[in-house]
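Worksheet for the structure shown next.
The values are calculated or read from the model by the stated rules, or taken from the named source; none is laboratory data. The structure presented is a predicted model; accordingly, all values stated were derived computationally and were not measured. In this analysis, Cβ positions are derived from the backbone assuming ideal geometry, glycine residues included, and neighbour counts consider all displayed protein chains. To get the accessible areas, we keep the full protein, side chains included, count just its heavy atoms, and leave off ligands, DNA and RNA. Shrake-Rupley method; radii C 1.70, N 1.55, O 1.52, S 1.80 Å.
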Amino acid sequence: MRYVMKKLFSAIATLFLVSVAVFFSFALIPGDPALKKLGTQATPEALMRLRETMGLNAPLPVRYLKWVAGVFRGDLGTSYSYEIPVGELLADKLPVTVALVLFSFLLLIAIAIPLGIRHAKHEGGIFDRSFLVLGQIVMAIPPFFMGILLTWFFGIVLRVFTPGGYVSWRTSLTGFLGYLFFPALAIAIPRVAMTTKLLRAEVLKEVRRDYVRTAFSRGNSSMAVLYRHVLKNAFLPVLTFLAMNLTDMVAGSVVIEQVFGIPGFGRFLLISILGRDYPVVEAIIMGLAAFIIVINLLTDLLYRMIDPRIGASS
Amino acid sequence: MNAEAPILTVEDLQIDFHDHQIPETAVYDFDLSIRAGEIVGIVGESGAGKSLSALAIAGLLKRHSAVKQGRIHFEGQDLLHCERETLRGFQGDEISVIFQEPMSSLDPLMRIGPQVEESLTVHHPEIGSAERKERAMEALASVGLSDSKRIYESYPHELSGGMRQRVMIAAAMIAKPQILIADEPTTALDVTVQAQIVALLKKINAEQGTAILFISHDLSLVRQLCRRVVVMKDGRIVEEGDTETVFLRPSHDYTKELIAAIPRVEKKGTAGRPSLPETQERGRRPILRVSGLDAGYGRGRQILHDISFELYPGEILGLAGESGSGKSTLAKAVLGLVGVTSGIVEKHDLMPAMVFQDPYGSLNPARTIEWILTEALTKGRAGRFPGGRQTLRQRAAEALAQVELPESFLERRPSELSGGQRQRVAIAEALIGRPNLLIADEPVSALDVTVQAQIIALLEKLRRETGVTILLIAHDLRVIYRVCDRVLIMRDGRIVEQGDVERIYFDPQESYTGELLAAAGITG
């Protein structure tokens, strides 16, 4: 319990530091939202008035505190460009990105774990060696290019889906998931190769350990040794890797949403940064940071559940 | 069934490895028979092939790396050539194994209970989980783990080394096998725990009639436990027979050498050893005087309590005790590496140097011996050393000569050396700074018995020729007796008893000293 409290406290502290960094860095980088809104032809008086109404003239710490207070009330501010509450704007985009990332993550687990185990079982065989080479190539392909390849092959040559023909989840859930399949795959593929390789290496490392010999000495079959003993031990480092990937995939989705024309918040983030729409940008980055912190927290707790040795000495 | 008929026979076992291009034979013409209820020992140094032979009998040699020829008869089957399923049917049910390292031999992520039960789970699925748990509790209780309920729910890291080995034995015995193969089961344990495990194996053998194949490099343990012994060298059996006969009238030269290498503890009186400190050295000033020392690692982690002793120039002082008794911490306190809470450490022109237990881990594998030896003098900047590289090389060669290694070793790397040679290099590394105190922390415990004898002889020679004082930390009381003038017996961070080795060994004043000596099989 003390461990959980400690982790929770450090998570909150991290979030606070991120909020300070985000707010002040956007306040300091060049570019005036008021100018962006009114255009270069605006009179200085009009600019002054707009800055006043947007709250841009108050000193920075005051603006920061106002913003934080708003966040606690659930008020993320109002978008400069659209003049509607940021919360409302994002409510539409957030589920799309979440669905894309989760879909991609599930694909990653569903493909990489059986593949990694199969590799380790047939170490040195044709399957193992050819896949290692293929994996090396796939790992080198950036997701956006993978996205383009998939769009070309499945969208244009095979016509399995319509490129750019995004279906909203409000219209049809199956159509929505069907459209997300290839973008999710593009994000997942390089990571599948990495995870497979890691799991393979971990299984092969664990197989050489003494407790495996003990398990065989008790008459276990190779399968029983693998599933009863080896996998759990081999999976520990993979778990950390997967968690790192999950957070990384959110960043990867920004690019992929662009390639496939998916209206998630990744795409929205780019538009908002270019438009100096700071309330939107700040909300998105804070959301991302919170997501990453929560995933890390969950990984730590999960790790502790699986491995009884962690924290045993304290 | 005829009680004299063997239950397991091994004929002409040969094991080849094809890991490298040329097949390498590790075991030749190995023959062995085990009768019901018998305890047979296999002794030999590392690389003799004793563990390989045992693993082959247990069916645990990996098929692709080793090629086995010969026959292993058990219950009408040839274990070397039968179906994998038939072999598996025996493993854990009729033939069980316990290993050297009980920590790594247990699955770290699984509770003790399911691991103890595993042989039943695999071979007797008809037994329900409640009964299985009951049998596991019984098995844990029968190996002397009285708190079996708590142990059942524990993880391996929560137990001590001795408890883990007991758990391994409970797991091996749960299906009541005919044969228990024990591969160096006590090597990683403290002497008193060793003695307990040996007693437990004896009890299992007497009460359940399980035959035991006991593999060890420790001849005195084999002598305590086994009726019959097989001596192996370089993959071959060189001698076999009744244990007492082999010990008293060894016929093969190697067996004689092996037995001679065991440090003997026989009362020599003052004639047998150079008696330095308590007689003529008393008048000399000690190079180290520790009085009332309390020390440890930060707040609340006090390890050493009220330590007082003196170290005289030219003596060899032994530091004995079980693991966790504070021996290494005391050495660190002498070097000033741990925080001293109270007490005095008086040093008079003390120039200490350390030698560690594990010569594999303490030498940088990527460097040549010359680099390793001179690093201490140059701190990695050879160019700044007065006298330059030539002098450095000369100093390194001198240090090698002191440990009886040729100058040509300067060009080699640690991986090209044997264990004994590495320990010699480690000693040379300590000597190169010309210390007057050598602190040797278990310098021989990782070595084979004949190599141990050589390193001990080397330490004695160094003391004789250079007059260096040696603080020797060892858990092996025979080694201490062989080489030390005086000994400190430690327990739980305190000195239990100290004095002349002769006096301590043959007239211990404290009951703990007596226990320790009895556990090592030195005194009854």
Requested in this report: Take the solvent-accessible surface of the protein heavy atoms, probe 1.4 Å, and return the percent of it on the stretch B:57-160 that carbon and sulfur atoms account for.
Outcome: 48 percent
Query raised in the report: Where does the longest stretch of chain B lie that holds no trypsin sites (Lys or Arg not before Pro) found in a DSSP loop with 16 or fewer other Cβ atoms within 10 Å?
Result: B:112-226
Requested in this report: Give the calculated FRET efficiency between residue B:149 and residue A:148 to the nearest 0.05, with a Förster radius of 56 Å applied to their Cβ-Cβ distance.
Outcome: 0.35
Query raised in the report: By a straight-distance test (C-alpha under 17 Å), which aspartates and glutamates pair with residue B:327 as possible cross-link partners, with residues fewer than eight away in the same chain excluded?
Result: B:190, B:294, B:306, B:310, B:358, B:441, B:442, B:476, B:492, B:497
Query raised in the report: Each label point is 7 Å from the Cα along the Cα-to-Cβ direction; what then is the distance between the points at residue B:33 and residue A:29, in nm?
Result: 8.6 nm
Query raised in the report: In Å, the Kirkwood hydrodynamic radius of chain B over pairs of distinct alpha carbons?
Result: 25.4 Å
**Report entry** Listed residues A:62, A:18, A:86, most fluctuating in chain A (Gaussian network, C-alpha, under 10 Å)
**Finding:** A:62
Query raised in the report: So, in Å, what gap is there between the alpha-carbon centers of the stretch B:441-469 and the stretch B:296-357?
Result: 20 Å
Query raised in the report: What chymotrypsin sites (Phe, Trp or Tyr not before Pro) does the stretch A:33-108 have in DSSP loop regions with at most 16 other beta carbons within 10 Å?
Result: A:82
Query raised in the report: Can you pull the Rg over Rh of the stretch A:86-143, Cα-only, Kirkwood?
Result: 1.24
Query - Translational diffusion coefficient (Stokes-Einstein; Kirkwood radius from C-alpha pairs) of the stretch B:320-380 at 4 °C, 1.567 mPa s, in µm²/s - result: 90 µm²/s
Requested in this report: May I ask which of B:50/B:149; A:36/A:93; A:7/A:93 have a Cα-Cα span longer than 32 Å here?
Outcome: B:50/B:149
Query - Where trypsin sites (Lys or Arg not before Pro) fall in DSSP loop in the stretch A:19-54, at most 12 other Cβ within 10 Å - result: none
Requested in this report: Output the residues of the stretch A:225-239 meeting this criterion: accessible area (heavy atoms, 1.4 Å probe) in the chain alone minus accessible area with all protein chains in place is 10 Å² or greater.
Outcome: A:228, A:229, A:232, A:233
Report summary line: Rounded to the nearest 100 Å², the accessible area buried between B and A, both sides, probe 1.4 Å, is 2300 Å²
Report task. Please report the base-10 log of the normalised intensity I(q)/I(0) for the stretch A:2-88, using a Debye sum with one equal scatterer per alpha carbon and no solvent, at each q in 0.13, 0.20 (1/Å). Result -> -0.55, -1.07
Query - Computed over the stretch A:180-314, Kirkwood Rh from alpha-carbon pairs, angstrom - result: 17.9 Å
Report summary line: Scattering profile of the stretch A:94-263 from the Debye formula, Cα beads only, expressed as log10 I(q)/I(0) at q = 0.08, 0.13, 0.20 Å⁻¹, is -0.30, -0.69, -1.22
Requested in this report: With an 8 Å cut-off on Cα pairs and a minimum separation of 6 or more residues, tell me the relative contact order of the stretch A:2-88 in percent.
Outcome: 18 percent
Report task. Starting from one equal scatterer on each C-alpha and no solvent at all, send me the Debye-based log10 I(q)/I(0) for chain A at q = 0.06, 0.10 Å⁻¹, two decimals. Result -> -0.30, -0.74
Query raised in the report: Straight-line reach from residue A:121: which lysines have Cα under 19 Å away, leaving out those fewer than 8 places along the same chain?
Result: A:197, A:205, A:232, B:62
Report task. Could you tell me what percent of the DSSP beta bridges with both partners in the protein assembly as shown are antiparallel, to the nearest 5? Result -> 55 percent
Query - Threshold 50 Å², the stretch A:198-223 residues less accessible with all protein chains present than alone (1.4 Å probe) - result: A:210, A:211, A:213, A:214, A:216, A:217, A:218, A:219
Report task. Go through the stretch B:340-421 and name the GluC sites (Glu not before Pro) that are in a DSSP coil and have 15 or fewer other Cβ atoms within 10 Å of their Cβ. Result -> B:404
Report task. Can you send over the carbon and sulfur percentage of the accessible area for the stretch A:94-263, probe radius 1.4 Å, protein chains only? Result -> 72 percent
Report summary line: A 1.4 Å probe over the protein heavy atoms gives the stretch A:2-88 a carbon and sulfur accessible-area percentage of 68 percent
Query raised in the report: Just how many % of Cα pairs in the protein assembly as shown lie over 49 Å apart, if you round to the nearest whole percent?
Result: 41 percent
Report summary line: Under a Gaussian network model of chain A whose springs join Cα atoms within less than 10 Å, the largest fluctuation of A:99, A:289, A:91 belongs to A:91
Query raised in the report: With the other protein chains left in place, how much accessible area per residue, in square angstrom, belongs to the protein assembly as shown at a 1.4 angstrom probe?
Result: 46 Å²
